[in-house]
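See below for the structure under consideration.
The values are calculated or read from the model by the stated rules, or taken from the named source; none is laboratory data. Please read all numbers here as calculations on a predicted model, not as lab measurements. Neighbour counts run over all protein chains shown; Cβ positions are idealised from the backbone, glycine included. Ligands, DNA and RNA are stripped out before the accessible areas are found, and what is left, the full protein with its side chains, is counted by its heavy atoms. Shrake-Rupley method; radii C 1.70, N 1.55, O 1.52, S 1.80 Å.
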Amino acid sequence: MTVMEKRIVQLTSGKGPVECARVVAKVQAVLMKEAKKVGISVEVLTGIPGDVKGTLLSTVLLMEGNSLEGFLSSWQGTVQWIAQSPYRKYHKRKNWFVGVEVFQLPEKIRWNPNDVVFETMRGSGPGGQNVNKVETA
């Protein structure tokens, strides 16, 4: 029996130029397409749009499927995208970078309200008569 894994994936352009924000959108599309091919479901949780249409400064994805670790290990880290800038025609730079980070979902913490104890006490320091009468700490 295989266990369905869940991971959160963040793609970010960091402080890069608009071309890096374009690459975030491109990498998201490629990542989603590749994940679909191997049976991994992808849900876009959030996306921060860039200043130019079709760009993303950052996006967060929820991925679920079997053998997710193996699939995501090839994506995690820095992705280099080699392309001419569509925004600055004569710009010499052709290498654009985006960061890809994978996070495990935090375990749900279960707590018992009976384990919580509320205590009040009088504060110390200046305050005169008020400090002596009111439990504000």
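Selection within region 1-15: residues that are in a loop (DSSP other than H, G, I, E, B) and polar (S, T, N, Q). The member of this set that is farthest from E101 (Cα to Cα) is T2. For region 16-47, name all the residues that are closer than 15 Å to E101 by Cβ, aliphatic (A, V, I, L, M), surrounded by 14 or more Cβ atoms within 10 Å (Cβ to Cβ) and touching a strand residue (DSSP E or B) at 6+ places or on another chain (Cβ under 7 Å). V24, V27, listed by residue number.
Close contacts from region 64-92, counting a first residue that is over 22 Å from K37 (Cα atoms) and at pLDDT below 90 and a second that is among the hydroxyl-bearing types (S, T, Y) and surrounded by 12 or more Cβ atoms within 10 Å (Cβ to Cβ), with Cβ to Cβ under 7 Å and a gap of 6+ residues or different chains, come to H91/S85. Can you confirm whether region 102-111 contains a residue that is open to solvent by less than 70 Å² (accessible area, probe 1.4 Å) and at pLDDT 85 or above? Within region 102-111 (the criterion being open to solvent by less than 70 Å² (accessible area, probe 1.4 Å) and at pLDDT 85 or above), the answer is yes, since at least one residue qualifies. Annotation: of all residues in region 48-88 being of a type in the set (F, W, Y) and either in contact with a His (Cβ under 8 Å, 6 or more places away or on another chain) or part of a loop (DSSP other than H, G, I, E, B) (or both), the one that is surrounded by the most Cβ atoms within 10 Å (Cβ to Cβ) is W75. Inside region 112-124, residues that are exposed (fewer than 10 other Cβ atoms within 10 Å of the Cβ) and part of a loop (DSSP other than H, G, I, E, B) make up a count of 8. Within region 98-113, does at least one residue satisfy the condition of being under 18 Å from R22 (Cβ atoms), aromatic (F, W, Y) and in contact (Cβ under 8 Å) with a residue 60 or more places away in the chain? No, the conditions are met nowhere in region 98-113.
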